[in-house]
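Beneath this line is the structure, given in structure tokens, with notes to follow.
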Amino acid sequence: MAERNDPAREAWELLWDIMQAHKPRFMALAQELGLSPVQLHALRMIEPDLEVPMSSLAGKLFCDNSNVTGIVDRLEARGLIERRPADYDRRVKLLVLTDEGERVRTAAHRQMTQPPPEIAALPPEHKRALRDALRVAAAAANRTPPLDAAPAGS
């Protein structure tokens with residue numbers, strides 16, 4: 001019974017509910033940009049002015065390296081990214097945004113970071129409290145090793 005009254009569990013469920021309620025918005029954005037949802041997500045995972053190994057993108061997308069190839073092929077065909085061999089190992093392919101890719105990524109980021117109306121309408125003190133609590137949680141999440149990381153000493 002304590003589990004049902006756990007504020008952390010309820011907060012997580014509410015965050016999930018909000019994200020799921022806005023999934024159609026993100027699907028429409030991808031369609032508007034002429035991308036599949038996974039292509040949009042991949043584009044957002046590639047930072048401007050950084051070279052990203054394809055294997056790193058696969059990890060960020062939680063997919064196999066072979067699956068990311070098709071995603072990258074389509075983004076490259078659209079002129080949004082370039083694939084380059086790494087200087088340190090020509091077998092490693094690095095991905096970089098093109099100018100057009102950066103433009104599309106920026107436009108997508110601008111729209112995806114607009115808060116939904118139900119959050120935008122909160123009183124300022126609630127927005128600050130929500131932001132501050134989520135900052136702490138996000139900082140902790142970014143310090144947590146991935147699930148597939150080997151334990152220390154192994």
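Read the figures in this text as sums done on the coordinates, not as results from a lab. Quick caveat, the model's predicted, so the values are computed rather than measured. Cβ placement follows ideal geometry from the backbone for every residue including glycine, while neighbour counts extend to all protein chains displayed.
Filtering the range 64-89 to residues that are assigned to a loop (DSSP other than H, G, I, E, B) and surrounded by fewer than 16 Cβ atoms within 10 Å (Cβ to Cβ) leaves 64, 79, 87, 88.
Assess whether residue 38 counts as being part of a strand (DSSP E or B) and either surrounded by fewer than 18 Cβ atoms within 10 Å (Cβ to Cβ) or in contact (Cβ under 8 Å) with a residue 40 or more places away in the chain (or both). Against the criterion (part of a strand (DSSP E or B) and either surrounded by fewer than 18 Cβ atoms within 10 Å (Cβ to Cβ) or in contact (Cβ under 8 Å) with a residue 40 or more places away in the chain (or both)), residue 38 does not qualify.
Given the structure, is residue 53 surrounded by 15 or more Cβ atoms within 10 Å (Cβ to Cβ) and more than 27 Å from residue 23 (Cβ to Cβ)? In short, yes. Residue count for the range 90-145 satisfying the condition of being surrounded by 10 or more Cβ atoms within 10 Å (Cβ to Cβ) and either part of a strand (DSSP E or B) or of a type in the set (S, T, N, Q) (or both): 10.
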